[in-house]
Amino acid sequence: MAVSSSDSSCYTVVFESSAEYPSASELRSGLEKGSDEVKIDTLRKIIVSTINGNPQPTLMMPIIQFVMPSRNKQLKKLLHFYWEVCPKYDETGKLKQEMILVVNAIRNDLQHPNEYIRGASLRFLQKIAKDQELLEPLIPTCRSCLEHRHSYVRKNAVFALYSIYREFENLIPDAAELMSTFLAAESDSSCKRNAFVFLAHCSMPKAVEYILSIYDSIGSLDEALQMSIIEVIRLDCKTDSANKARYIRCIFELLNATSHAVKYEAATTLTTLTQNPAAVKAAASSFITLVIKESDNNVKLIVLDRLDNLRAKHGHVLDGLIMDVLQILSSADMEVRRKAIGIVLSMTSSRNVEEVVLFLKKQLQKTQEADFEKAPEYRQLLIQSIHITAVKFSEVAASVVHALMEFLGDSNNPSALDVVAFVREVVEKFPHLRATICEKLISTLPEIKSGKVFRGVLWILGEYVEAVADINATMREIRKVIGEIPILATEQRLLDEAGGEEEEETEKPKAEGGGRPKILADGTYATESAYTSTNAARLEAVKTAAKPPLRTLILGGDFFTGAVLASALTKLVLRFSEATKDAVASNTLRAEAMLIMTSIMRVGQSKFVTVQIDEDSNERIMNCIQTLSGLETEPAVHDIFLEDTKTAFTKMLGAQEKRAAEKKEAETTKAIAIQVDDLLSFRQFSKKTADEAIDYDEDVGRATGAGEVQEDFMSNLSRISQLTGFSDPIYAEAYVKMNGFDILLDVLLVNQTANTLQNLCLDFATLGDLKIVERPSVYTIAPHGFQSIKATIKVSSTETGVIFGSILWEGPNMSEACVILNDIHIDIMDYIKPAYCNEAQFRSMWTEFEWENRVNVNYPMSDPREYLKHVMKATNMSCLTPEGATSGECNFLSANMYARSLFGEDALANLSVERSEAGTITGHVRIRSKTQGIALSLGDRITMAQKDSKPLSV
């Protein structure tokens, strides 16, 4: 059987420098006269040249003459590489005469007394298993190697015969009997494994017969042979095997194997053989044991994926193993813990929820130990998990909410914020817990350090503290955490006591002599006196003195927290005045609340704060003061404070639940389009004892719809780019097809002249993170002829890429002619997909990402919501802002958007627009990402979309 050039193997291109490459005569000289070292170097150069398309056919005979007789083992190994890559057939497809000498040399090596040379020669035969004319004379020698004393030779002889048999069964007609005899007499485990694989390929009944003959000793066999036996059992059970019951017992035994690979394969195979609950639980137990004992985190994640799939298929069968799964949390890797927690949460039911929560609470306590690894991340994960569990199962909410509130004062801010989010949801969903939760929150106020946590707790207290006694208790604790009021007067007194009485704003003290020059912000010099430096030091000492936590935050410039405190105080006063008829007490409380608010505003405009109070906070606090000053006159404002904010929070929770339900439904119901007249296979009509994994090879394509690629002719036409003009000598156009991480260019060239274009080369170059895969080939195009050329380009990031190039060919009188091609701009929208993240993740990434692109908006559209949809469509981004927050009639709109690229890059956007008096949309869109490319590309996309009055179709 001849092998044509089109059927020859493909090898990796190895770089060779043409400047240093010797001529054929120099290579021949090196082969003839050189030492073994020179011959090794020369032969290596010839092999590289052959792989790169320059086979050097004239050197084959010198190699046979001067290299083949050598006894050097390294040279023999290189010779095997050369015989593998060199052209063995002439132009007519017949075997070259020189190869007869090569076959004779290989036969001698197969009979060599050295077992290494024999084994290496047998391994070489596996590489040339498609050359029948070479192999046929070597079969008897190969068979004789099966009886060699050394196992290295025997195991390679088995696989050499196996490789030959796979291509040409007629060369070894008695393969099944040969391997059966060999297996019966063989003692080496590697040889037995290779022979068993060969036997299973050539005769499955004999392989099954062998399994049954060693049935009782399978558990003590070598790992590789056990793996091969499991594979044969899986293949045999595709048909309705009579031995399935014995196979299941055998696989049960292999679940206890010492090898992790065997245990994993046995557990996977067991679930395909039977759906018996006992077998499924045994397989799941093996997976759990593997995760706990295996050291490689990648393996842990793979096995956890398999365990999760098993849980999804078999529902509550595995619920009894939930405590075993929880043991996986002892792993130090956060990804493994996160995956395990996800499985635990999906297995949690009302029967085991108390045990799960108790375990998670114990783990939470352990994270407070000093030597606990990755404690802050793990604590946050545990808090989030308890949050989900408590909201889902209301019976445990009461037992965990108090335990979690211990972490409100946690120095790890994300954990404390997660606790606040959990408490806020619990008090809304479970009214009977409100009183005890609020009581605990009130007592926890002095321990809180973070402004965000303070804001969350103050909002909860303002909304849900209703009893008169609780309101009084809340006010007492707020006094403690804010300190003595008025704040400005107290701070000034401290400064005066520290010795700063001389400083009055009206006085202008004389500078003492010996002043030191000081550089101001504008670069000029000023004289700093000893008096002013002492005064500044005293002021700094007052600022850094120990103060209550809320006072520290306000003096540090956190006036947003001050505005939230004002709002909470307003709600408490309004609720107190409704709950009691004691006008004196109500008036006293109102006066105190107004004093705190005015105190915050005044100190915000003084020298004691790090930054001055912002306008928004100032206006918000003023609104609260006005509300309290007209307590009886504005009942509508009371409803806004006491009802509307709580209603908005309830709507937000409902929107989150709705989105989660939609996401879950979308994941569980994936429609796969198939043709109505496709043949249906009803496996349900056969005995239902196996999972679909048995028929994986046959069914996975149709089950996923992967085999049904539907090309849309019109969309293909829209992706064609014209590269040259109609009047150019060559007309060129390219169809640009996106395929995962590759771009396929299918270029059509048309020779529009009456001359033959010779040595025509299409040369591409790129800008951006694009890389040309193939080197350009040379073509010849007949007059008015066509030529189709394909080029593949790798994409490594989401950045606007440009492909440009030229066409070169030989014109009349050997002159070079050239046509420059139009640029092809790659559309990044093919790599950006809408994604979802929660608010905390968005804020974290927004702070972290350094690249920002701001796009100004001026668009002739009257509805801000329509413009938001327009931008989302143009950029393939999803809107994270809940629908309830963007609904209603309003002249302005602010929304967050998020998308993720195929390369794992995150893209964030914040849209802030308003409707102008002229009826147009004005504002800006800010885009942030970790890399510059995606931020600029999305900005360009929005700018392009604005140029057209109609929304851009993607």
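The values are calculated or read from the model by the stated rules, or taken from the named source; none is laboratory data. Quick caveat, the model's predicted, so the values are computed rather than measured. A quick note on method: Cβ atoms are made from the backbone with ideal geometry, for glycine too, and the neighbour counts reach across all protein chains shown. Keep in mind that these areas ignore ligands, DNA and RNA; they rest on the heavy atoms of the full protein, side chains included. Shrake-Rupley method; radii C 1.70, N 1.55, O 1.52, S 1.80 Å.
Summary of computed values
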read-out	value
Any helices (runs of 4 or more DSSP H) falling wholly within the stretch 345-461 and containing at least 2 residues that are outside the structural domain of ARG551 (by the TED database) and over 30 Å from ALA568 (Cα atoms)	353-366, 375-392
Residue among ILE820, ILE807, ILE803 that alone is assigned by the TED database to the domain that holds ASP742, open to solvent by 10 Å² or more (accessible area, probe 1.4 Å) and aliphatic (A, V, I, L, M)	ILE820
Failed item in (1) buried (at least 16 other Cβ atoms within 10 Å of the Cβ); (2) at pLDDT below 85; (3) over 30 Å from GLU905 (Cα atoms), with ASN813 passing the rest	(1)
Extreme residue, least open to solvent (accessible area, probe 1.4 Å), among residues of the stretch 864-887 that are without any contact (Cβ under 8 Å) to a residue 40 or more places away in the chain and assigned to a loop (DSSP other than H, G, I, E, B)	THR881
Among residues of the stretch 105-149, those that are more than 21 Å from ILE63 (Cα to Cα) and part of a loop (DSSP other than H, G, I, E, B), counted	9
Filter result (among the aliphatic types (A, V, I, L, M), at pLDDT 75 or above and surrounded by 14 or more Cβ atoms within 10 Å (Cβ to Cβ)) within the stretch 358-387	LEU360, LEU364, LEU381, LEU382, ILE383, ILE386
Matching residues in the stretch 813-854 - criterion: being among the hydrophobic types (A, V, I, L, M, F, W, C), in a strand (DSSP E or B) and in contact (Cβ under 8 Å) with a residue 60 or more places away in the chain	ALA817, VAL819, ILE824, ILE832, TRP851
Search result, residues across the stretch 628-645 that are more than 50 Å from the chain's Cα centre (by Cα), at pLDDT 70 or above and in a helix (DSSP H, G or I)	LEU628, SER629
In the stretch 186-202, the residues that are buried (at least 20 other Cβ atoms within 10 Å of the Cβ) and under 15 Å from SER217 (Cα atoms)	LYS192, ARG193
Identity of the residue in the stretch 65-108, over 23 Å from SER144 (Cβ atoms) and of a type in the set (D, E, K, R), that ends up nearest to the chain's Cα centre (by Cα)	GLU84
Matching residues in the stretch 127-147 - criterion: being within 18 Å of LEU79 (Cα to Cα) and either open to solvent by less than 60 Å² (accessible area, probe 1.4 Å) or more than 48 Å from the chain's Cα centre (by Cα) (or both)	ILE128, ALA129, ASP131, LEU134, LEU135, LEU138
Criterion (without any contact (Cβ under 8 Å) to a residue 40 or more places away in the chain and surrounded by 15 or more Cβ atoms within 10 Å (Cβ to Cβ)) met by exactly one of SER121, SER163	SER163
Residues within the stretch 20-67 that are part of a helix (DSSP H, G or I) and open to solvent by less than 60 Å² (accessible area, probe 1.4 Å), tallied	22
From the options ALA489, ALA537, ALA526, residue that is modelled with pLDDT under 85, in a strand (DSSP E or B) and open to solvent by less than 70 Å² (accessible area, probe 1.4 Å)	ALA526
Set ASN243, ASN256, ASN276: member being open to solvent by 30 Å² or more (accessible area, probe 1.4 Å), touching a Cys at 6+ places or on another chain (Cβ under 9 Å) and not basic (Lys, Arg)	ASN243
Tally, over the stretch 587-602, of residues that are open to solvent by 30 Å² or more (accessible area, probe 1.4 Å) and under 11 Å from ALA566 (Cα atoms)	3
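Residue-by-condition table, conditions (1) charged (D, E, K, R); (2) modelled with pLDDT of 85 or more:
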site	(1), (2)
TYR735	no, yes
ASN739	no, no
LEU744	no, no
VAL750	no, yes
ALA754	no, yes
LEU760	no, yes
GLY768	no, no
GLU774	yes, no
VAL778	no, no
